[in-house]
Amino acid sequence: MPKFAKKTDNTGDVKVVRKRLADGTVKEYRYPKKRGQAVRAGSSIGTVGHVLSLYYSSPEFSRISPKTRENRRIYLMEMEKLSAKPLRDITRKILIDIRDSIASGRGHGAANGFLSITKTFFGWAISREWVDINPAMSIASLPRGSLPAWTKDAVQQAEKTLDESLWRVVVLGVFTGQRRGDLCRMQWDDIREGFIHVHQQKTGVQLRIPIHPALAANLEKWKGPSPYILTSRTGVPWQPGVLSTAMYNAAKEGKIPKGLNVHGLRKLAATLLAEAGCTTHEIAAITGHKTLAMVQHYTLSADQERLAKGAVNRMETDFWKPQETEK
């Protein structure tokens, strides 16, 4: 074979070009099959950004559901920050540092989610021969604790510190008890005859949530040109991942207590309903939980306090009557 003769392999997502050099050795080069595949301008072959772009356009990524694709992209945003770094240079220590950073700001659940998605990504990269090992595989998941619920004090703080677009999320979340994705999908047309009609994306449950007078007063002030109830400062409908990032940044800036996220509003809604004396069935009618066990998980402390007070009052009335003080 003459000097610098080349052989091209066009299989897969990349074009592989092998060149035989003058000394007889073969040098292999990989190029995207399509121009502009790299997710970041200037991403070189084999960098994190380049391989991520190939992953996002792969059949394996395309065949998963849109919701799952969005979720994976959210977690892989941490990897995109390292776009210019060769993928082979990503070490176990680098991933552990990212995991710990996520855990301190967004909780153990988010940190474990990052690990899980990163393991999947590196597994795919191994199958395409971009790397030889999966540095995420041997990293242990963190013990999961429950994410904190918002408190009344946190809501009062948020009213003073959050910008209007995020404050509206807090109000709608507390008064409807819905998940982040369902809050983002709510439209003005969903409001009919004093109810907000919700078709929950996760469970498929359809709900008719009565609109509290305080929420109705806010909705009247919020109405704008967008068909969506919740929008960012620029008027664009909130996307779940973008909303979570914005709330995380607000906590990082000290505008709300550290660790709070959108899902914690759902917990507060369930807790407030429990404190008001609602049964688990009544709470589930608002939140849409399919199992009462999950409702009881959210409202355990509120129920315990209410039931304990009732028990002590009954004991005082039925068994131990305080002695009257002699005059």
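Laboratory data are not the source of any read-out in this text; all were calculated from the coordinates shown. Because the structure is predicted, anything quoted here is derived from the model rather than measured. Note that each Cβ is placed from the backbone with ideal geometry, even for glycine, and that neighbours are counted across all protein chains shown.
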Fill in the blank from the handout: By the Cα gyration tensor axes a ≥ b ≥ c (a/c under 1.5 gives rounded; else a/b larger than b/c gives prolate, otherwise oblate), the shape of segment 165-222 is oblate
Fill in the blank from the handout: Here segment 66-78 yields Karplus 3J(HN,Hα) values (6.51, -1.76, 1.60; θ = phi - 60°; whole Hz; Gly and Pro given as x) of x, 5, 5, 4, 4, 4, 5, 4, 4, 6, 6, 4, 5
Practice task
Pop out the ³J(HN,Hα) list for segment 149-157 in order, Karplus 6.51 cos²θ - 1.76 cosθ + 1.60 with θ = phi - 60°, rounded to Hz; leave Gly and Pro as x.
Solution key: 7, 5, 10, 4, 5, 5, 5, 5, 5
Practice task
Determine the sum of side-chain charges near A251: Lys and Arg each +1, Asp and Glu each -1, restricted to other residues whose C-beta is under 10 angstrom from that of A251.
Solution key: +3
Problem - Translational D in µm²/s for segment 193-269 (Stokes-Einstein at 20 °C, 1.002 mPa s, Kirkwood Rh from C-alpha pairs) - result: 146
Handout entry: Amide proton proximity set for I191, modelled H, under 5 Å, gap of 5+
Key = H197
Exercise for the section: Mind scanning K160/K221; K93/K255; K221/K255; K258/K290 and naming the pairs with a C-alpha gap bigger than 26 Å? Expected result: K93/K255; K258/K290
Completion exercise
Two pseudo-spin positions, 7 Å from Cα along C-beta at S57 and at K202, lie apart in nanometres by 3.5
Completion exercise
Interchain or sequence-distant (5+) residues whose placed amide H lies within less than 5 Å of the amide H of I256 are A251
Completion exercise
When I256, I64, I98 are ranked with the fewest other C-beta atoms within 10 Å first, the list becomes I64, I98, I256
Completion exercise
With a ≥ b ≥ c from the Cα gyration tensor eigenvalues, square-rooted, and the rule rounded for a/c under 1.5, otherwise prolate when a/b > b/c and oblate otherwise, segment 34-127 is oblate
Problem - Rounded to whole Hz, the Karplus (6.51, -1.76, 1.60) HN-Hα couplings of segment 255-268, x for glycine and proline - result: 6, 9, x, 4, x, 6, 9, 5, 5, x, 5, 5, 5, 5
Fill in the blank from the handout: Within the under-12-Å Cβ sphere about T161, not counting T161, Lys/Arg +1 and Asp/Glu -1 give a net charge of -2
